[in-house]
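Peer 1: Starting off with a structure, shown below.
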Amino acid sequence: MQRIAIIDNYLKTRYLFFKWRYGLAFVNKIAMAFGMACVTGLLAQSLYSFTVYTCAITGQVLGVLLSGVVCGGAFGSISQIIYLGLGIVGVPWFAGGASGNIFLLSGSGGYIIGFVFAPLVIGRYSDRYIGARTFLSQLKFMMLGV
């Protein structure tokens, strides 16, 4: 009986989250996009570097994928454009505290530019198909996005 209550709570929460997101004003959506850019910048500081790979593994990919789910397609991409723009201007929140446009010319620069497109695809998918809003569907699509 408790398991049914947990499932009901999950379904209700999922419905209310997407309903809440659609009902936000434009200014609130921009603020949420800025917040997800900050989350991506914070997660980029968790850096795992291996000597075998040329690119480090960071947590910023999680922030990118979550921005697509949380903000939706367009505003998820806007959040990553904010992240990219502020990093170019000088905010040291790329992987390992790097910043500036010279970072985009390094081996990780292509990943950063790809961050703009990943939330657009994931967000559009979850916005368009209501059946894709389940946890497992989102997880599978995020793995595909990686």
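Peer 1: Return the Cα extents of the range 1-40 along principal axes one, two and three, sorted largest first, each rounded to a whole Å.
Peer 2: 41, 23, 7
Peer 1: Let me ask something additional. Say R0 is 22 Å: what FRET efficiency, to the nearest 0.05, do LYS12 and VAL121 get from their beta-carbon distance?
Peer 2: E between LYS12 and VAL121, to the nearest 0.05, is 0.20.
Peer 1: Please give the peptides 122-133, 66-77 ranked by average Cβ packing (other Cβ atoms within 10 Å per residue), highest first, as a rough proxy for protection. Can you show the working numbers first?
Peer 2: Numbers: 122-133: 16.1, 66-77: 24.0.
Sorting 122-133, 66-77 by mean packing, highest first, produces 66-77, 122-133.
Peer 1: Between beta-carbons, use under 11 Å as the cut-off and find the net charge around THR134, counting Lys and Arg +1, Asp and Glu -1. It would help to have the intermediate numbers written out before the result.
Peer 2: On the way: positive: ARG14, ARG133, LYS140; negative: none.
Counting the neighbours of THR134, the net charge comes to +3.
Peer 1: What number comes out for the charge environment of TYR15, summing +1 per Lys or Arg and -1 per Asp or Glu over other residues with Cβ under 15 Å away?
Peer 2: +3
Peer 1: For LEU47 and LEU62 in the same chain, what is the full-extension length gain: residue separation times 0.36 nm, less their Cα-Cα distance, in nm?
Peer 2: On the way: separation 15, 0.36 × 15 = 5.40 nm, distance 1.27 nm.
Gain in length upon complete extension: 4.1 nm.
Peer 1: For ILE4 and LYS140, what does the FRET efficiency come to when R0 = 22 Å and r is the distance between their Cβ atoms, rounded to the nearest 0.05?
Peer 2: Details: r = 25 Å, r/R0 = 1.12.
The formula returns an efficiency of 0.35 here.
All of the numbers you see were taken from the coordinates with simple rules; none came from a lab. Remember, predicted model here, so these are calculated numbers, not experimental data. When we count neighbours, we look across all protein chains shown, and the Cβ atoms used for this are built from the backbone with ideal geometry, even at glycine.
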